[in-house]
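J.: Following this message is one structure expressed as structure tokens.
The values are calculated or read from the model by the stated rules, or taken from the named source; none is laboratory data. None of these values were measured; they are calculated from a predicted model. For neighbour counting, all protein chains shown are included, and Cβ atoms are generated from backbone atoms with ideal geometry for every residue, glycine included. Accessible surface areas use protein heavy atoms only, side chains included; no ligands, DNA or RNA. Shrake-Rupley method; radii C 1.70, N 1.55, O 1.52, S 1.80 Å.
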Amino acid sequence: GVHRQILFATVGWFVGYYLAKRTEYIHAKLDRELFEYVRHHPEDFKAAEKRRIGELLEDFHPVR
């Protein structure tokens, strides 16, 4: 009946909330570890020189 639907909806909401919080925690932990690695090894992550947009795009040749 309706009481079973309400029960399953409530349980589903709590499980979904827990899983969402767990994934946020895992991603935050990974980000923290990666940023810490980048901070301790700046020689591996040098800034690239700035290029103009024309240098990034290929020449345009229309197909006829």
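J.: How many residues are assigned to a helix (DSSP H, G or I) and aromatic (Phe, Trp, Tyr) if we restrict to the stretch 29-54? Break it down stepwise before answering.
T.: Taking the stretch 29-54 as the starting set, the residues that turn out to be assigned to a helix (DSSP H, G or I) are 29-40, 42-44, 53-54.
Those left that are additionally aromatic (Phe, Trp, Tyr): 35, 37.
Adding up the residues that qualify gives 2.
J.: Here's another thing I want to ask about it. Please find, among Arg39, Arg32, Arg22, the residue that is open to solvent by 100 Å² or more (accessible area, probe 1.4 Å), modelled with pLDDT under 95, of a type in the set (Lys, Arg) and out of contact with any Lys or Arg (no Cβ under 8 Å at 6 or more places or on another chain). Lay out the reasoning, then the answer.
T.: Numbers: Arg32 fails: modelled with pLDDT under 95; Arg22 fails: modelled with pLDDT under 95.
That would be Arg39, the only listed residue that is open to solvent by 100 Å² or more (accessible area, probe 1.4 Å), modelled with pLDDT under 95, of a type in the set (Lys, Arg) and out of contact with any Lys or Arg (no Cβ under 8 Å at 6 or more places or on another chain).
J.: Could we say that Arg4 is open to solvent by 90 Å² or more (accessible area, probe 1.4 Å), in a helix (DSSP H, G or I) and among the charged types (D, E, K, R) here?
T.: Values: open to solvent by 90 Å² or more (accessible area, probe 1.4 Å): yes; in a helix (DSSP H, G or I): yes; among the charged types (D, E, K, R): yes.
Here the answer is yes, as Arg4 does meet what is asked.
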